[in-house]
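Peer 1: Can you keep this structure in mind? I'll have questions shortly.
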Amino acid sequence: MAREAPDEFQRIRRFYAPLAGPGGLGLLDDAALVDCRGGWQLVVTADAIVEGVHYLPEDPPDLVARKLLRVNLSDLAAMGARPLHYLLTTALPAAVGADWIAEFARGLEEDQRQFGVDLLGGDSVATPGPASFSLPAIGEVAVGREVRRSGAQPGDLVWVSGTVGDAFLGLQALRGAYPELAPEHRATLIARFQVPDPRVELGLRLAGIAHAMVDVSDGLLADLGHICETSHVAAVVELERLPLSSAARPLAAAEPDIRLRLATGGDDYELLFTSSPDATDTISGFRAELGVPITMIGRIEAGAGARLVDGAGQTITVEAAGYRHF
């Protein structure tokens, strides 16, 4: 049985103060202090996750914490920024006990060590449910080296890191779909949904190389559409070029139409970027250096919007390019 939930200030002292860095001042003040080096600028982002929308109620609390942190680190990576700090707001039902919170804090501590970040502060409130969390993250990038969505140019190539659609399939597997999957493939896909892998090191290397960049959260085609809209260009993606994992390939072979759903499924948190063809060798070097697949999937053209094409170059009709909250 879970222990009784501690009150707000007990939670801060017991679970979150040990995660605070020097700028967090032990979480004893109303705000934190953050220095900014000369020639650098801070990069700030904030994503929220909600029980039943971004994670399932039965997901382990340490994995919920790690996903919360990682989706925000992915936003920093998409700007070419190095992560430094984060803040945390939790809204938890009264029934959530100390054991759950302790495991949640343990997940944060584990990823703090991996990614070199620390906690500055935040808030802890009660809610009748569902549980929700917000995590503003802070990084740094040298002045003028940030990668925005607005820099794509006609003639650019379109690239994506990692593989596409695993998180979508993992969520479906958690809900009971694809019983024919091999156990090891099922575990791989579920892990990709529960604990995304923000491409922080790749993002740092792409600063000054990528013309435009975004992380794939709503769906590859939808997020590429954001680049097109802000850059005032069009994009063409070849469906057959989308990189699939060894866990996803058997499903795609059995159900070819699934590739379209993988292009729009979301939650991959891979980096989607454009660059000059002249940067191809450099990007291939990053692939070898980091051990991360990086695949050229299309091109940027004059015009507007992002579209998928088949092997014959014909446009594929897509009902929804990605996930929408509203």
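Peer 1: Among the residues of segment 183-217, which ones are farther than 21 Å from Tyr55 by Cα and open to solvent by less than 30 Å² (accessible area, probe 1.4 Å)?
Peer 2: Answer for segment 183-217, where residues must be farther than 21 Å from Tyr55 by Cα and open to solvent by less than 30 Å² (accessible area, probe 1.4 Å): Val200, Leu202, Gly203, Leu206, Ala207, Ala210, Ala212, Met213, Val214.
Peer 1: When you go through (1) part of a loop (DSSP other than H, G, I, E, B); (2) open to solvent by 10 Å² or more (accessible area, probe 1.4 Å); (3) farther than 21 Å from Thr315 by Cα one by one for Leu244, which number turns out not to apply?
Peer 2: (3) is the only condition that Leu244 fails.
Peer 1: OK, next. Looking at (1) open to solvent by less than 40 Å² (accessible area, probe 1.4 Å); (2) assigned to a strand (DSSP E or B), find the lone condition where Asp111 falls short.
Peer 2: Exception for Asp111: condition (2).
Peer 1: Could you give me the residue pairs with C-beta distances under 8 Å whose first residue belongs to segment 48-61 and is outside any loop (DSSP other than H, G, I, E, B), whose second residue is open to solvent by 50 Å² or more (accessible area, probe 1.4 Å) wherever it lies, and which are 6+ apart or on separate chains?
Peer 2: Val50/Pro130; Glu51/Pro57; Glu51/Pro130; Pro61/Trp100; Pro61/Glu103
Peer 1: OK, next. I'd like to check something: does segment 289-309 contain any residue that is over 20 Å from the mean Cα position of the chain (by Cα), of a type in the set (Val, Ile, Thr), part of a helix (DSSP H, G or I) and surrounded by fewer than 19 Cβ atoms within 10 Å (Cβ to Cβ)?
Peer 2: no
Peer 1: Moving to a separate point now. Confirm whether Val164 is touching a helix residue (DSSP H, G or I) at 6+ places or on another chain (Cβ under 6 Å), in a loop (DSSP other than H, G, I, E, B) and touching a residue at least 24 places away in the same chain (Cβ under 8 Å).
Peer 2: In short, yes.
Peer 1: Let me ask another. So which residues in segment 140-160 are closer than 19 Å to Leu73 by Cα, under 21 Å from the mean Cα position of the chain (by Cα) and open to solvent by less than 50 Å² (accessible area, probe 1.4 Å), if there are any at all?
Peer 2: Glu140, Val141, Glu146, Val147, Val160
Peer 1: Can you tell me which residues in segment 46-87 are within 9 Å of Leu135 (Cβ to Cβ) and open to solvent by 10 Å² or more (accessible area, probe 1.4 Å)?
Peer 2: Residues satisfying the conditions are Ala46, Asp47, Ala48, Leu87.
Residues are listed down the side, and each one gets a yes or a no for (1) touching a residue at least 24 places away in the same chain (Cβ under 8 Å); (2) crowded, with 22+ Cβ neighbours inside 10 Å; (3) farther than 23 Å from Leu204 by Cα:
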residue	(1), (2), (3)
Ala263	yes, yes, yes
Glu270	yes, yes, no
Phe273	yes, yes, no
Phe286	yes, no, no
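Peer 1: Return yes when Ala253 is out of contact with any helix residue (DSSP H, G or I) (no Cβ under 9 Å at 6 or more places or on another chain) and crowded, with 18+ Cβ neighbours inside 10 Å and no when it is not.
Peer 2: No: the conditions fail for Ala253.
The values are calculated or read from the model by the stated rules, or taken from the named source; none is laboratory data. What you are looking at is a predicted structure, and each value in this text was computed from that prediction instead of being measured. Cβ: placed from backbone, ideal geometry, glycine included. Neighbour counts: every protein chain shown. When the accessible area is computed, the model is the full protein with side chains, heavy atoms only, and any ligands, DNA or RNA have been set aside. Shrake-Rupley method; radii C 1.70, N 1.55, O 1.52, S 1.80 Å.
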